[in-house]
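Have a look at the structure below, then the notes.
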Amino acid sequence: MRVVGDRKLSRETRSIMPGHQRPRELILPGASPVCLPRRALMGHAGGMDGDGFTVREARPSDAFSVGALHIQDEREQGHAVPPGFLDALSDAWLRDRARRTWVAEDARGRPLGMLHGTRVQRLPSAHRPADAWFHVSLLFVTEDARGYGIGQRLLEALLAWAEADHVSRVQLNAVPEARTLYERMGFGPPSDRLMELRVSDRSRRGAG
């Protein structure tokens, strides 16, 4: 196991070293993410335009950036992040081969947001084609980068990939503050036939 400073790296995170250590402007000691001032996002006309950021599919070397964005999302929701969470999440993301992730970054490579989720392939059937669907696990944009269309660009990248990869539908859980964006992109309520059961609730009922 390789040691960097006083930290031991797992096999998964070791695979992205040494050329891709944690971005210094993103992570401070203790895995605390830092948002740069808004002026760092400003373009030539005083605001970010389409050329002010790039959206692309994530690479293994983005593992720490993906983890740091997750931490920012967790903290915005009021959750305490335990020690070692950054490494644990980065490792899990690297191991999850079914997950697809897109990241948005500025001209310096600083991550501004991400979207990721899982593609589910249905088995062939005699009465329908063997199509696939995609569940969005998280769409997150850093607080200082909101209002520049980054969330929409991330969704557009996903939908372009979905069409090319023969994904028939995309599902997500819409938080109230993002519902307008999703509706503008064409998302709507599912059919009346869609139902859900939470296994944890069923277990509690059985225990009672």
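Each residue in segment 162-185 was checked for being exposed (fewer than 10 other Cβ atoms within 10 Å of the Cβ) and either modelled with pLDDT of 90 or more or in contact with a Gly (Cβ under 8 Å, 6 or more places away or on another chain) (or both), and 1 of them qualify. Taking the criterion of being in a helix (DSSP H, G or I), of a type outside the set (Asp, Glu) and under 26 Å from residue 122 (Cβ atoms), the residues of segment 159-183 that qualify are 159, 160, 161, 162, 164, 182. Restricting 90, 61 to those that are farther than 23 Å from residue 181 by Cβ and in contact with a helix residue (DSSP H, G or I) (Cβ under 6 Å, 6 or more places away or on another chain) reduces the list to 90. Residues in segment 94-110 that are of a type outside the set (D, E, K, R) and at pLDDT below 95: 98, 107, 109.
Checked against (1) farther than 24 Å from residue 145 by Cα; (2) in contact (Cβ under 8 Å) with a residue 12 or more places away in the chain, residue 73 passes all but a single condition, namely (1). Taking first residues from segment 50-63 that are under 20 Å from residue 161 (Cβ atoms) and among the small types (Gly, Ala, Ser) and partners that are at pLDDT 95 or above and in a strand (DSSP E or B), the Cβ contacts under 6 Å between residues at least 6 apart in sequence or on separate chains come to 58/101; 58/103. Restricting segment 85-94 to residues that are over 15 Å from the mean Cα position of the chain (by Cα) and touching a residue at least 12 places away in the same chain (Cβ under 8 Å) leaves a set whose member that is surrounded by the fewest Cβ atoms within 10 Å (Cβ to Cβ) is 85.
Counting only strands (runs of 3 or more DSSP E) that fall entirely inside segment 98-158 and contain at least 1 residues that are in contact (Cβ under 8 Å) with a residue 60 or more places away in the chain, in contact with a Phe, Trp or Tyr (Cβ under 7 Å, 6 or more places away or on another chain) and under 17 Å from residue 179 (Cβ atoms), no element qualifies.
The residues on offer are 159, 123, 138, 155, and the sole one that is buried (at least 20 other Cβ atoms within 10 Å of the Cβ) and among the hydrophobic types (A, V, I, L, M, F, W, C) is 155.
The values are calculated or read from the model by the stated rules, or taken from the named source; none is laboratory data. Everything numeric in this text was worked out from a predicted model, so none of it was measured. Heads up, the Cβs are rebuilt from the backbone with ideal geometry, glycines too, and the neighbour counts pull from every protein chain shown.
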